[in-house]
1. Shape verdict for region 12-62, please, from the Cα gyration tensor: rounded (a/c under 1.5), prolate (a/b greater than b/c) or oblate.
2. From the list [x] -0.80, -0.90, -1.18, -1.28; [y] -0.76, -0.89, -1.31, -1.44; [z] -0.98, -1.09, -1.31, -1.35, can you say which value of log10 I(q)/I(0) by the Debye sum over Cα atoms at q = 0.13, 0.14, 0.17, 0.18 Å⁻¹ was derived from the structure given?
3. DSSP loop GluC sites (Glu not before Pro) in region 120-225 with at most 16 other Cβ atoms within 10 Å of their Cβ, which ones?
4. I'd like the trypsin sites (Lys or Arg not before Pro) in region 126-195 restricted to DSSP loop residues with at most 16 other Cβ atoms within 10 Å, sorted by number.
Amino acid sequence: MATNKTNKGLTAMDAFKRVKPLLDLLRKDIRKAAAIVSKEYSSLPKMEKTDFADKVQAEYGWSQNRLQRFARIDREFPAKARLISAAHAPSKLSDISTETMHQIVQTPDTLLKKASVAGMFAKAVTRNQVEALRKTGQLPKQSKAQPKTDLQKIRSWMVDAENHINRASLDIGKITSLMLDSKVRDAKGREATALILAFEKLCTKMATANPVTSKRAFAILKGEV
């Protein structure tokens, strides 16, 4: 299938050339690879999607149906995760499979919220558990909350903080990628200022929590590492 240039210059070949070196590095990290591929797939015009899918399938064995699932996960899962966490924090959504994520994005928000309040997502869930919830609407039995030690709470909050930082890193990656693709050199404004202030606040908190890590982070920013 020929790749026809659009007004934004988005073609299947261009997209594949961008993702191939990253996918070669992320063969064992399916979630990161899925996020990269789904971003490129979603941004392509309809006529280029099949060609891109064919190239990815030939090289990595991923079907177009799988790419469509990844694209939907990339679009909808962050909001679903926020809803679950807000209903019952902290939630254990950091280590679930893409198949489980796909079941979650297909589940209505009202049902996810009720299940989260009932404690379903306080521990790791499987694809089959979420699928059963979606198909039957039956909520898990609410278990009595177990008391936690201060150390357990600290570790749980560390996991939450890591998840938030990882999501922020992906969002910033999307911003810089789109700026490069669209040749946007300056995106100043209230949102950019707020983002910078939030980052500075994070650096200040990290310096208090772990000075060694903070020093390394600033060295990275200066290009010294």
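1. prolate
2. Comparing each candidate, only [z] matches the computed number.
3. Filter output for region 120-225: Glu224.
4. Working: sites: Arg127, Arg134, Lys135, Lys141, Lys144, Lys148, Lys153, Arg155, Arg167, Lys174, Lys183, Arg185, Lys188, Arg190; in loops: Lys141, Lys144, Lys148, Lys183, Arg185, Lys188.
The qualifying sites are Lys141, Lys144, Lys148, Lys183, Arg185, Lys188.
Values in this text are rule-based calculations from the coordinates and carry no lab data. Since the structure is predicted, the reported quantities are computational estimates derived from the model, not experimental observations. Backbone-built Cβ (ideal geometry, glycine too); neighbour counts: all protein chains shown.
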